[in-house]
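The values are calculated or read from the model by the stated rules, or taken from the named source; none is laboratory data. Worth saying up front: this structure is predicted, and the values here are computed from it rather than measured. Cβ: placed from backbone, ideal geometry, glycine included. Neighbour counts: every protein chain shown.
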Amino acid sequence: MKTFLMVLGSILVSTPLMAAIGTEGHGGDPLRLLFNDARRYAVERVSQAKPCEFNVDVRPEVVEWIIHRQAELAADIGSAPHMWTLAPQSTCAFTQTQPNSAVAMSFEACRPLIKDANDAISILAHESAHHLGIESETFADEVGRAIARLGQSSTCSAVPSSDPFDPGSCPGRQVSNDEMYSWLPLPHATQRELGKMQATIRQRTCYGDNFCTNWQEDPNGLVGGRTGVMNGNLLRLNGSVKVELKNDRPLVLIESDALPGSASWSTTTFTDASQTTKVLSGSNVGALYLNDLLISGYGHGGPEITGWVTPTCLRQSVSTNRATKDPNGNTITIQKEMVILSHFE
């Protein structure tokens with residue numbers, strides 16, 4: 001069990017700027033905001049989890065413990081305070097073994113470990129397991145991983161989350177290159193439509209310590225060609241997903257709809273020899289911009305579109321943070337996130 005050693009006063013953070021503009025610790029810091037979103041996703045997952053949705057390699061006693069304490073675990077994840085510090089810490093998070101104890105979290109220790117919401121969900125579930133009396137670090141780790149990977153390789157189909165910004169909106173294991181190949185209707189055709197897609201963009205403004213507006217949908221947020229809505233081409237956010245054979249390699253291709261004479265965009269997903277998912281992006285009018293920032297696919301610089309393909313769905317996402325000034329010269333940060341989601345027909 002991790003011991004709670006830090007004094008509350010040393011934990012509270014009030015640094016005014018975000019990592020996106022050179023420092024960290026702001027209430028709108030992307031890492032803090034990622035954990036805030038992960039908390040909500042974790043509560044939903046734990047509350048709705050069924051025994052058959054846990055991956056087949058999760059030990060039965062871990063599944064039994066989670067299901068038996070399901071309501072308590074969800075409530076603790078949702079209410080336990082997060083106390084962030086800029087000071088060095090040996091682990092990303094630690095806490096006590098009492099329900100709703102504060103979780104001390106270190107920017108320095110967490111930042112290299114937390115790549116997405118599933119990583120954050122694993123940490124939050126781990127610490128709440130301690131709150132419910134689990135002293136074993138190994139068992140708490142298993143609880144965290146089980147919830148983060150819920151539905152990826154299970155004996156039943158996990159119910160997708162209704163929130164596209166929750167990674168659980170596309171549950172399941174990643175398909176292999178060979179499986180993608182098997183989807184092709186060869187030798188009669190080299191491509192096949194898998195389903196429709198919808199891209200969703202949300203935006204919020206972070207202003208001063210701990211002051212962020214609520215997320216709001218931004219249906220006009222994706223621009224092609226040049227930065228700025230006035231100078232670029234607004235791109236449609238719906239379209240189709242298909243599998244295609246190109247250069248002897250199976251690809252999963254997203255293509256946006258386009259009105260006659262208007263611009264379209266696409267992303268291409270493939271798996272390399274190590275089964276790593278890679279995403280490339282582009283449009284027929286040039287580069288893609290979100291939040292006036294160039295977004296791209298794997299290895300092209302700028303905020304990257306990342307994601308996965310399962311046997312039943314596709315999910316890709318990208319996040320941007322842009323510092324600007326209000327009319328009074330105060331620094332604010334505009335955050336935008338885009339998720340591309342398709343459930344195959």
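Has region 280-288 got any residue that is among the β-branched types (Val, Ile, Thr), within 16 Å of residue 242 (Cα to Cα) and in contact (Cβ under 8 Å) with a residue 40 or more places away in the chain?
Within region 280-288 (the criterion being among the β-branched types (Val, Ile, Thr), within 16 Å of residue 242 (Cα to Cα) and in contact (Cβ under 8 Å) with a residue 40 or more places away in the chain), the answer is no, since none of the residues qualifies.
In this structure, is residue 101 in the same structural domain as residue 69 (by TED's automatic domain parsing), of a type in the set (Ser, Thr, Tyr) and in contact (Cβ under 8 Å) with a residue 24 or more places away in the chain?
Working: in the same structural domain as residue 69 (by TED's automatic domain parsing): yes; of a type in the set (Ser, Thr, Tyr): yes; in contact (Cβ under 8 Å) with a residue 24 or more places away in the chain: yes.
So residue 101 passes the test.
For region 305-345, which strands (runs of 3 or more DSSP E) that fit wholly inside it have 1 or more residues that are assigned by TED's automatic domain parsing to the domain that holds residue 194, in contact (Cβ under 8 Å) with a residue 40 or more places away in the chain and of a type in the set (Val, Ile, Thr)?
306-309, 331-343
Which of the residues spanning region 153-179 are over 15 Å from the mean Cα position of the chain (by Cα), part of a loop (DSSP other than H, G, I, E, B) and surrounded by fewer than 19 Cβ atoms within 10 Å (Cβ to Cβ)?
Hits for region 153-179 are 153, 155, 156, 157, 159, 173, 174, 176.
I'd like the full set of residues that are in contact with a Phe, Trp or Tyr (Cβ under 6 Å, 6 or more places away or on another chain) and either at pLDDT 85 or above or of a type in the set (A, V, I, L, M, F, W, C) (or both), limited to region 169-220.
Within region 169-220, 194, 195, 202, 204 meet the criteria.
Anything in region 180-203 that is assigned to a helix (DSSP H, G or I) and more than 24 Å from residue 339 (Cα to Cα)? List them, or say none.
Hits for region 180-203 are 181, 182.
Restricting to region 180-214, name every residue that is of a type in the set (A, V, I, L, M) and either under 13 Å from residue 244 (Cα atoms) or loosely packed, with under 14 Cβ neighbours inside 10 Å (or both).
Hits for region 180-214 are 180, 184, 186, 189, 194.
Within region 62-120, which residues are surrounded by fewer than 17 Cβ atoms within 10 Å (Cβ to Cβ) and among the basic types (Lys, Arg)?
Hits for region 62-120 are 111, 115.
Would you call residue 108 among the acidic types (Asp, Glu), over 27 Å from residue 61 (Cβ atoms), out of contact with any Phe, Trp or Tyr (no Cβ under 9 Å at 6 or more places or on another chain) and in the same structural domain as residue 36 (by TED's automatic domain parsing)?
Values: among the acidic types (Asp, Glu): yes; over 27 Å from residue 61 (Cβ atoms): yes; out of contact with any Phe, Trp or Tyr (no Cβ under 9 Å at 6 or more places or on another chain): yes; in the same structural domain as residue 36 (by TED's automatic domain parsing): yes.
Yes; evaluated as a whole, the condition is true for this residue.
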